[in-house]
1. Give me LEU105, LEU243, LEU268 ranked fewest to most by other Cβ atoms within 10 Å of their Cβ, as a rough exposure proxy.
2. For a Förster distance of 35 Å, can you work out the FRET efficiency between the beta-carbons of THR163 and GLN185, rounded to the nearest 0.05?
3. Order by neighbour count: ILE112, ILE68, ILE231, fewest other Cβ atoms within 10 Å first, most last.
4. Report, in debye and to the nearest 20, how large the dipole of segment 60-164 comes out about its Cα centre when Lys and Arg carry +1 and Asp and Glu carry -1 on their Cβ.
5. How do GLU234, GLU224 rank when sorted from fewest to most other Cβ atoms within 10 Å of their own Cβ?
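Every number in this text was worked out from the coordinates using simple rules, so none of it is lab data. Just so you know, these numbers come straight off a predicted model, no measurement behind them. Using ideal geometry, Cβ is built from the backbone for each residue, glycine included, and neighbour counts are taken over all protein chains shown.
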Amino acid sequence: MMAPSGCIVLCFLLSCVWLVSSWSSSNVDGVGGSDLLPKSLWAEELSLSLLPSYYSSPDLSKDPDVCIQLLHEFANSSAALSGCLVKYARPVRICQGCHTEYVYLKAVMDKITSQKYPLNSTYSCALSLLQSDRVHMLVSLNDFFDYTWDDCKCESCLQNNNTEVRDTTIEFMGLYKELNTCFIQNMQNMEDPPFQIPEGNYSKVCQNCNESYRSLNTKYSSLENSKALCIDLEDAMNGTRILWSKTFNCTVPCTDTVPVIAVSAFILFLPFIFYLSTFLHSEQKKLKLVLPKRFASSASLAHIQDLNN
């Protein structure tokens, strides 16, 4: 028995041979000019019908209304999410600002993959909308949004299936806003700290905002250790650290300065202590080896007597 692919190729070749012979006979009879375009269209339809199914997308007008509606919902939800991603791209607040649009898009995608028509039928909207063409546009868009969401680590800042913002994220953003308010209050002629920084002396900013900065930095470190950071918090902290260190030229005083200095001094004095103790120990041994004069004279006399005997 011939394989299905071999049957398709054989039918295609036979149709081409028949088509060529028909054109040749028509041209010989002088009537081929007017029928050439319809025959070419017929040949195109025949060739497309012999190709695999994914090269020809089905007519959506034949799909039920529910699949058409789901297609429109996916278009609207993907457009809303795309606009939200661009809107919250700078400063980055993607996870906090776009989680509603992302959840809605995933809900529409779940409907597409699970919707069947008619009920208890093997034909589904997924077959019509997701697998009917080579590009798989809806699948590609859905994969792009999933990759972006995972790359931003948004689930670390959200809870309840990306529907709510975590309390730790809200607490961090509260400290972040408090610090930015302190920056604004302690600077003159400043409207937007992250973008329009006037030149001048920032000693007042460093002094008055030091406690707020340390609180924010401590909170960020705790979230980093617990792996509860997303792109929103990372971008906010990176921008704050750049402002604090490079723009304001502020430094955070180290609370362990005294112990560090004490240990460093002890290590530096270790060689001196070692050589001093070695020197003192060697002097004590020299004192023990020196004999008194009387003891030395009596010892020499006894030695002479032994020689005489």
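1. Taking fewest neighbouring Cβ atoms as first place, the list is LEU268, LEU243, LEU105.
2. After rounding, the FRET efficiency stands at 0.50.
3. Ranking ILE112, ILE68, ILE231 by Cβ neighbours within 10 Å, fewest first, gives ILE68, ILE231, ILE112.
4. 160 debye
5. Arranged by neighbour count, lowest to highest, GLU234, GLU224 become GLU224, GLU234.
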